[in-house]
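See below for the structure under consideration.
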Protein chains: 2
Amino acid sequence: MTYCVGILVKDGLVMIADTRTNAGLDNISTFRKLHMFEVPGERVVAVASAGNLAAAQAVVQLVSEGFEDETGVHTLYTVPSMFAAAQLIGRAVQQVFKTDGPSMEAMNARFDVMLLLGGQIGNGRLRLFQIYSAGNFIKASTDTPYLQIGEHKYGKPILDRAVRFDTDLYDALKLGLISMDSTMRSNLGVGMPIDMMVCNRDALKSEIVQRIDHTEPYFQGLRQSWSDALSQAHRAIPRPPYTGNSEAQSTD
Amino acid sequence: MTYCVGILVKDGLVMIADTRTNAGLDNISTFRKLHMFEVPGERVVAVASAGNLAAAQAVVQLVSEGFEDETGVHTLYTVPSMFAAAQLIGRAVQQVFKTDGPSMEAMNARFDVMLLLGGQIGNGRLRLFQIYSAGNFIKASTDTPYLQIGEHKYGKPILDRAVRFDTDLYDALKLGLISMDSTMRSNLGVGMPIDMMVCNRDALKSEIVQRIDHTEPYFQGLRQSWSDALSQAHRAIPRPPYTGNSEAQSTD
């Protein structure tokens, strides 16, 4: 399993990914799923991946080293815009499907790869895209400023409630980490260490690119504070006032 | 979609179910999914269902009116123990599968029905069971005092963090309602009104059997307080201290 989240706010972009992979519950490993493609002053691009690890690695390899299609040879270091970057990843996904999809299906393995692409190139706008297994994609908007891939449900409630386009960039990072914490608590398939990147809008370079492991004091503190705050929050809500049976007892 | 949760604590049992059903996004209805089988002083039994509505209704019908199998004719009003009640529901599920499963599969509809069964009968213990589509079942324990069926992920983090076997009964109700609220916010397929039942251990009667709709003031207040408390909680966590790039910029 995997959990990755991208949050695009007024001031910038946050991307966070866990590193746990598993082939069955008895084969658990750590692999980087957040990849940076950065030339400070010119482009800052990050890609996070979920789904079949071999397919995801093949896609990242193709867009790192370049591959030839009808439009020539491109990499995430050469594409002229974020839209072109999303198209490139989409074509890479389709190429990997063409190569490995049929034989995966023959082994009853579903071809399943999802990617988040975030960043800014040249004079273009800061963007966040989600690319599907079919190679098509959507982009985050001011209405829906975050996108998730992988095990997205456990960490969604806090984002639904708290993330807006005008949320402060470091609050967005904090909320992304809370969302990651909720996911890790409920699904063992999502685990530490966590990779993250933060960039400011129009900076054309990353502000933070960092890995957090379980000994990192801020994240430990955040987990504890959040837990304590939730306990306090539900204790502060008054006891339900319901009494007695307001319903007929029949089953219908 | 559906969300039902049962919480079995030291002092009693809480069961909560939503009422929304949908056959596609364009066909949404309200159906009761929490059914009471109560003879005060003798037995208090509640059944909540998720999955295919026709199958769930058929199962509830069978265990209400009785059906004949190798052990005779029984209903939830006649079985001598909660274990026998779980077995009865399991056999009812298997019977419905035998009747409708093959033709459902011919229509490409998966036979999918899950039930929660909670309550206490006579001198037996207060129990909470989850019955699967195959008719087999598990029971809640002091280690894992809650069970969920349907859209369980959004509402699980709060239960994972806060529900223990020694949680106060009315706190368990509150936490169940918070869990339901989180689910309804993130999945439109789960919706008001909500049915709930609470019974005290060894009372052999329900304490509360009630339906809550969107105008009900306590639940409205709980939703608002919880939202406010979460906002406050994440604002109270200090800003992440991360700065700079602690990682090489390469993709591998």
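The values are calculated or read from the model by the stated rules, or taken from the named source; none is laboratory data. What you see is a predicted model; the values in this text were computed from it and never measured. Neighbour counts are summed over all protein chains in view; Cβ atoms, including those assigned to glycine, are modelled from backbone coordinates with ideal geometry. Only protein heavy atoms, including side chains, enter the accessible area calculation; ligands, DNA and RNA are left aside. Shrake-Rupley method; radii C 1.70, N 1.55, O 1.52, S 1.80 Å.
Numerical summary
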item: Lone unmet requirement of (1) open to solvent by 60 Å² or more (accessible area, probe 1.4 Å); (2) under 17 Å from A:Met15 (Cα atoms) for A:Glu105; result: (2)
item: Criterion: modelled with pLDDT of 95 or more and not aliphatic (A, V, I, L, M) - qualifying residue of B:Asp252, B:Asp168, B:Asp228; result: B:Asp168
item: Only listed residue being aliphatic (A, V, I, L, M) and more than 27 Å from B:Tyr170 (Cβ to Cβ), chosen from B:Leu53, B:Leu13; result: B:Leu53
item: Top-ranked residue of the range A:1-21 - restricted to ones that are open to solvent by less than 60 Å² (accessible area, probe 1.4 Å) and either farther than 21 Å from A:Phe165 by Cα or polar (S, T, N, Q) (or both), ranked as modelled with the lowest pLDDT; result: A:Thr21
item: Meets criteria (more than 18 Å from A:Gly118 (Cα to Cα), more than 10 Å from chain B (Cβ to nearest Cβ) and assigned to a helix (DSSP H, G or I)) for A:Gln220; result: yes
item: Test for A:Gly124: is it open to solvent by less than 40 Å² (accessible area, probe 1.4 Å), modelled with pLDDT of 95 or more and more than 21 Å from the chain's Cα centre (by Cα); result: yes
item: Members of the range A:194-224 that are closer than 18 Å to B:Ala229 by Cβ and either buried (at least 16 other Cβ atoms within 10 Å of the Cβ) or in contact with a His (Cβ under 8 Å, 6 or more places away or on another chain) (or both); result: A:Leu222, A:Arg223
item: Residue that is surrounded by the most Cβ atoms within 10 Å (Cβ to Cβ) [pool: residues in the range A:225-243 that are in a loop (DSSP other than H, G, I, E, B) and facing another protein chain (nearest Cβ under 7 Å)]; result: A:Pro240
item: Pair list, Cβ under 8 Å, 6 or more apart: the range A:22-44 residue in contact (Cβ under 8 Å) with a residue 12 or more places away in the chain and within 25 Å of A:Arg127 (Cβ to Cβ), other residue open to solvent by 70 Å² or more (accessible area, probe 1.4 Å) and among the charged types (D, E, K, R); result: A:Arg32/B:Asp252; A:His35/B:Asp252; A:Glu38/A:Lys205; A:Pro40/A:Lys205; A:Gly41/A:Lys205; A:Val44/A:Lys205
item: Unique match (being at pLDDT below 95 and out of contact with any His (no Cβ under 7 Å at 6 or more places or on another chain)) among B:Ser179, B:Ser186; result: B:Ser186
item: Single condition B:Ala233 does not satisfy, out of (1) in contact (Cβ under 8 Å) with a residue 12 or more places away in the chain; (2) touching a Phe, Trp or Tyr at 6+ places or on another chain (Cβ under 7 Å); result: (1)
item: The range B:166-209, subset among the acidic types (Asp, Glu) and in contact (Cβ under 8 Å) with a residue 12 or more places away in the chain, residue nearest to B:Leu222 (Cα to Cα); result: B:Asp181
item: Count - residues of the range B:108-130 that are over 23 Å from B:Glu151 (Cα atoms) and without any contact (Cβ under 8 Å) to a residue 40 or more places away in the chain; result: 1
item: The range B:153-166: number of residues that are surrounded by fewer than 21 Cβ atoms within 10 Å (Cβ to Cβ) and not small (Gly, Ala, Ser); result: 5
item: Qualifying residue in the range A:90-97 (condition: touching a Gly at 6+ places or on another chain (Cβ under 6 Å), touching a residue at least 60 places away in the same chain (Cβ under 8 Å) and either more than 24 Å from A:Asn136 (Cβ to Cβ) or outside any strand (DSSP E or B) (or both)); result: no
item: Within the range B:59-97, tally of residues that are in contact with a helix residue (DSSP H, G or I) (Cβ under 7 Å, 6 or more places away or on another chain), open to solvent by 30 Å² or more (accessible area, probe 1.4 Å) and within 17 Å of B:Leu117 (Cα to Cα); result: 2
item: So A:Gly118, is it under 22 Å from A:Lys10 (Cα atoms) and surrounded by fewer than 18 Cβ atoms within 10 Å (Cβ to Cβ); result: no
item: Residues of the range B:24-57 that turn out to be surrounded by 15 or more Cβ atoms within 10 Å (Cβ to Cβ) and more than 13 Å from chain A (Cβ to nearest Cβ), as a count; result: 5
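Matching residues to (1) aromatic (Phe, Trp, Tyr); (2) within 12 Å of chain B (Cβ to nearest Cβ); (3) not in a loop (DSSP other than H, G, I, E, B):
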| position | (1), (2), (3) |
| --- | --- |
| A:Pro102 | no, no, yes |
| A:Gln120 | no, no, yes |
| A:Gln148 | no, yes, yes |
| A:Asp160 | no, yes, yes |
| A:Lys174 | no, yes, yes |
| A:Gly191 | no, no, no |
| A:Asp195 | no, yes, yes |
| A:Val198 | no, yes, yes |
| A:Val209 | no, yes, yes |
